[in-house]
Amino acid sequence: MTSAVLPSPPPQRAPVQRSEGVWHAAWKRLLKDRVGIASLAVVAVFIVLIVLTAIGAVARSWQAEVGVPNARPGFMGAAPPEAAAVIEVPKGPNVDLSDVDPLAPRYKEWAERAAKLKTEEAPRAQTLPLGGDRLGRDVLVKAMKGTQTSVFVGLMGALFAAVIGTLLGALAGFFGGKVGDFLEWLYNVFTAIPDILLILAFAAVFGRGVGSVAIILSLVGWTGLYRQVRAEFLKHSVREYVRAAEAIGASSMSRMFKHILPNVSHVIFVRMSLLVVGFIKYEVILSYLGLGVGVDDVSWGTMLAEAQSELILGYWWQLAAATGFMAVFITAFSLMTDALRDALDPKLRGLE
C-alpha cells in the first residue's frame, strides 16, 4: 500500500524592507532636537496669532484710543498728575457783540455741548499692559496686529524668493548650456544694481501695500539663493545616485526635484531664514520712507518709525514692544531653520 506524497509548501518570501523616506527620517531627527522643537513651537504660536488677527478674533480694535496719550505701562504705574496753570482773566463790562458777530450768542451753547460730550466719553485708562502711543492706542494690541503684517511680508517674500531662486538655480545647474548662460546673464543684471535701488524702483511701480511689499522683496532677494542652488545642482547632477536614477529611466524633472532637491534642501532652509530676517528689516525701511504698508495698516516698521519721535520725550515702550516681538520671532525662526538644516543635511545622516 503506497502512501500519498504531500506537496511541499511553497517557500515563504522574506518581507520587503523599504528604506525610510527622507522627510520621515528628517522629522524623526528633528524630534530629538529640544531646541529645534521649542523654537518650532514659538514660531507656531506666531503663526496662530497671525491667523487670529487675520480673521479678526484678536487685535480687531487696534486703532481704538483706549488710554490717555502716551499711557505708561502697567508695571510703572500711572503718571503723576500735572498741576494745571491757573490763568486769571480780567472781567470787563458786559458788551453785546451780536451786532458785530451774529454767532456770538451761540458760543456759550457750543461750549456747554462740548463739555457735555467730553464728560460722556468713556474714561480712558491711565495705564496699559505695555503702554500706549501718542494717541492712546494700546501698544500691545498694535504689536500683535503688526505681527500679522511684518511676519506675512517676511515669510511670503522669502517663500516667493525661495521658489524663484530654487527653480532658476535648478534649471541652470542641471541643464547648463544656453539655459544656464541666459540665467547667468539674468542673475548678473539683478546683482549689478544695488538692492535698495531695485526695491525703490519696484516700489514706485507696484505701489504700497502688504502684498506689494512681499512681491517687491521676492523679486530682489532671489539672487543669493539662486547662486547657492545652482552650485549644489552642478555638484549633485554628476553623482552616482543621480546617474543610477537616469539609468533606470527617471525623467529630468524626477532627478531634479525627487532625487537632488531633498539633498540640497538644507541650503534652501538656511537661506530662507536669512531672507525672512532681511525682508523684515527692509519692510521697516520701506515703512519709514513711506513706501511700505498702507497708512491704515500697522507693522513693526511703522511702530519703530513712530517710536523715534516718542523716544526723544522719554516714551520708550512702543520701541521696546516692537523690538521685543521682532527679536523673539527672528530668534525662534533662526533656531528652527538651523534645526531643520541639521535634520536634512545629508552629511550628518551618516554620523548617526
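The values are calculated or read from the model by the stated rules, or taken from the named source; none is laboratory data. None of these values were measured; they are calculated from a predicted model. Heads up, the Cβs are rebuilt from the backbone with ideal geometry, glycines too, and the neighbour counts pull from every protein chain shown.
Annotations for the structure displayed:
- Annotation: G294 fulfils all but one of (1) buried (at least 19 other Cβ atoms within 10 Å of the Cβ); (2) in contact with a Lys or Arg (Cβ under 8 Å, 6 or more places away or on another chain); the unmet one is (1).
- Cβ-Cβ under 7 Å pairs, at least 6 apart or on other chains, the stretch 153-164 side touching a residue at least 24 places away in the same chain (Cβ under 8 Å), far side aromatic (F, W, Y) and buried (at least 21 other Cβ atoms within 10 Å of the Cβ): V153/F279; G154/F279; G157/F279; A158/F279; A161/W222; I164/W222
- Any hit, the stretch 109-127, residues being in a loop (DSSP other than H, G, I, E, B), modelled with pLDDT of 85 or more and surrounded by 13 or more Cβ atoms within 10 Å (Cβ to Cβ): no
- Qualifying residue in the stretch 340-350 (condition: under 30 Å from P73 (Cβ atoms) and outside any helix (DSSP H, G or I)): no
- The set of residues in the stretch 48-84 being farther than 23 Å from Q308 by Cβ, touching a residue at least 12 places away in the same chain (Cβ under 8 Å), surrounded by fewer than 15 Cβ atoms within 10 Å (Cβ to Cβ) and in contact with a helix residue (DSSP H, G or I) (Cβ under 9 Å, 6 or more places away or on another chain) consists of A54, S61, A64.
- Of all positions in the stretch 284-304, none carries a residue that is hydrophobic (A, V, I, L, M, F, W, C), in contact with a helix residue (DSSP H, G or I) (Cβ under 8 Å, 6 or more places away or on another chain), without any contact (Cβ under 8 Å) to a residue 12 or more places away in the chain and over 21 Å from F206 (Cα atoms).
- If the condition is being buried (at least 18 other Cβ atoms within 10 Å of the Cβ) and at pLDDT 90 or above, then the stretch 176-214 contributes L183, Y187.
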